[in-house]
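Input: a single structure, listed below in structure tokens.
The values are calculated or read from the model by the stated rules, or taken from the named source; none is laboratory data. Keep in mind the model is a prediction, meaning the values are calculated, not measured. Note that each Cβ is placed from the backbone with ideal geometry, even for glycine, and that neighbours are counted across all protein chains shown.
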Amino acid sequence: MGSVLKTLTVAGSDSSGGAGIQADLKTFEEYGTYGFSALTTIVTMDPDQDWHHRVYPIDAALVAEQLKTILAGGPVAAMKTGMLGSVEIIQVVESMIKANDQQNVVIDPVMVCKGEDEVLNPDSADAIRDLLLPLATVVTPNLFEAGVLSGLGKLSTLDDMKQAAIKIHEIGAQNVVIKGGKALDGDHAIDLYYDGQEFTVFETQKIEPAHNHGAGCTFAAAITGGLANGLNVKEAVAKAKDFVTEAIASGYQFNEYVGPVFHAGYRLKHKANIL
Ligand code: PXL
């Protein structure tokens, strides 16, 4: 048997299948990699309460045990984090990355779920910034999260995004991708890549209707899949933008509240794998 490229996600469960660990594993598969997962939280969304999210964190020791199981098979080529649920879990992830000298680390600093605009847990947001950003090969905040991490608050323009990217890079992330997506005004979905020296803007026409639940997780997971396959960061981000755009374009309406992306969208449209 030939060798297998291994990827890992440390993230929460989104039973609706578009975001979270489900998004990550589906995306890892599309990138031809073998995906491992350590579950950190279980999220439910209540149709009787306007799709209100509830987040149930898992004990940090149990997250550590899952990671031990996974790493007993040797190192992974690339990993990502998603919703982490508690400061203790963030500390477990920090120790794991350091102890294994893990390369290709994508930190998706999940603070909110779509449709909710309050930081789920402010202590966790600080811990992600202080403990994980310095270990990140790439950090992938959405517009809201970039405003929090940078301390700049609400970001409304591409120039705001650039200022935030500079600040987030200064905190220690080697590369910054701000997933503006459809959040800026105008008819383009705009994502910004900053490597500490140069900005690259990735722009596509906004897709309507946008079935984009899980788009952020999927974008970050796709970057992880690209890195595992040996792409450099800029190439991985460019591929990930194509991947997530097709995933949104082929998303569907799950119920009256939410429409998830479809992770096989790129492959089904192009009749070819993304890599
Ligand atoms: O999209 C952010 C997100 C991340 N992780 C989990 C989620 C969500 C949003 O629903 O449920 C587990």
Residue check, Tyr193 against (1) over 13 Å from the mean Cα position of the chain (by Cα); (2) in a helix (DSSP H, G or I), all met but one. Which one?
(2)
Being in a loop (DSSP other than H, G, I, E, B), out of contact with any strand residue (DSSP E or B) (no Cβ under 8 Å at 6 or more places or on another chain) and among the hydroxyl-bearing types (Ser, Thr, Tyr) is the filter here; which residues of the stretch 135-156 pass it?
Ser156
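Given Val92, Val55, which one is in contact (Cβ under 8 Å) with a residue 12 or more places away in the chain and under 19 Å from Ala136 (Cβ atoms)? Walk me through how you get there before you give the answer.
Numbers: Val55 fails: under 19 Å from Ala136 (Cβ atoms).
Only one candidate qualifies: Val92.
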Taking the criterion of being more than 26 Å from Gly12 (Cβ to Cβ) and not in a helix (DSSP H, G or I), would at least one residue in the stretch 157-168 satisfy it?
yes
Does the stretch 201-210 contain at least one residue that is modelled with pLDDT of 95 or more, under 17 Å from the mean Cα position of the chain (by Cα) and within 24 Å of Ser150 (Cα to Cα)?
yes
Here is a check on your reading of the model: is Leu184 modelled with pLDDT under 95, under 22 Å from Ala240 (Cβ atoms) and surrounded by 14 or more Cβ atoms within 10 Å (Cβ to Cβ)?
yes
Asn255 vs. criteria away from the ligand (no atom under 15 Å from the Cβ) and more than 17 Å from the chain's Cα centre (by Cα)
no
One residue is enough: does the stretch 38-60 have a residue meeting the conditions over 28 Å from Lys241 (Cα atoms), away from the ligand (no atom under 12 Å from the Cβ) and crowded, with 16+ Cβ neighbours inside 10 Å?
yes
Leu132 passes all but one of (1) surrounded by fewer than 22 Cβ atoms within 10 Å (Cβ to Cβ); (2) touching an Asp or Glu at 6+ places or on another chain (Cβ under 8 Å); (3) not in a loop (DSSP other than H, G, I, E, B); which number fails?
(1)
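Within the stretch 203-275, which helices (runs of 4 or more DSSP H) (wholly inside it) include 1 or more residues that are surrounded by fewer than 24 Cβ atoms within 10 Å (Cβ to Cβ)?
Fully inside the stretch 203-275 and qualifying: 233-249, 265-270.
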